[in-house]
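Inspection log for the structure reproduced underneath, given as structure tokens.
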Amino acid sequence: MSKLVINGIEYVPAADAVAKPIGQRAVVVVDRGWIFAGDLTQENGRIKLSRAVWVFRWSNCGFNGVIANPKSDEVELRRIADVDLPEAAEIFRVPVSDDWGL
């Protein structure tokens, strides 16, 4: 069964339910060389990343290779808790797809 409708409300199996992203997903390069990706929102002078990953390291592909293919064997991403940064720490950001790095 893919869905069930009761009193006009559609239900799906829990395994099929996917959390909707909050904000635009982006890779964010911050001062001191840290690189994170997540669903980005900005509020009160802070950058918040949910569903976050840390771009831990890469080799032989350059930054553009990381953006193009985060699941490459040459890229190591690590899932981390949500990230909260001051806006002034941002060097630049690159918008990416909603499932980048997950």
Review point. Taking 0.36 nm per intervening residue step and subtracting the Cα-Cα distance, what contour gain separates D31 from V94 on full extension?
Key: 21.2 nm
**Study point:** V5 paired with C61, simple spin-label distance in nm, labels 7 Å along Cα-to-beta-carbon
**Key:** 4.3 nm
Point to revise | Relative contact order computed over the chain (Cα-Cα under 8 Å; 6+ residues apart), in percent | key: 29 percent
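We did not get these values from a lab; they are worked out from the coordinates using the rules stated. The shown structure was predicted, so the numbers you read here are calculated from the model rather than taken from an experiment. As a convention, Cβ positions derive from the backbone with ideal geometry for all residues, glycine included, and neighbour counts pool all protein chains shown.
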